[in-house]
Amino acid sequence: MDAQRERRIRERAFELWQREGSLDGRTLGHWLQAEREIDEDDAEEARKRDAIALAAAANPH
């Protein structure tokens, strides 16, 4: 796992932990949820970049 992705996941997991009242015992659950959310965010960004690239290729002005 690259360092930037791991940092983003760690920060998101921490936010989830805080949002749920900072209770112990859900570390793995928060990590996995954060990982899913980061992956979804990255996939959405990739779709946006692809759509922009396709639009530019279809209309090369």
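Rule-based calculations on the coordinates, nothing more; no lab input. Just so you know, these numbers come straight off a predicted model, no measurement behind them. Reconstructed Cβ throughout: ideal geometry from the backbone, glycine too, with neighbour counts over all protein chains shown.
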Exercise for the section: Find all pairs meeting these conditions: Cβ atoms under 7 angstrom apart; at least six residues apart or on different chains; first residue within the range 26-49 and in contact (Cβ under 8 Å) with a residue 24 or more places away in the chain; second residue of a type in the set (Gly, Ala, Ser). Expected result: Ala34/Ala13
Handout entry: Among (1) more than 19 Å from the chain's Cα centre (by Cα); (2) surrounded by 10 or more Cβ atoms within 10 Å (Cβ to Cβ) - the single one Ala57 does not satisfy
Key = (2)
Exercise for the section: Look at Leu16 and say whether it is in contact with a helix residue (DSSP H, G or I) (Cβ under 6 Å, 6 or more places away or on another chain), surrounded by 10 or more Cβ atoms within 10 Å (Cβ to Cβ) and free of Cβ contacts under 8 Å to residues at least 24 places away in the same chain. Expected result: yes
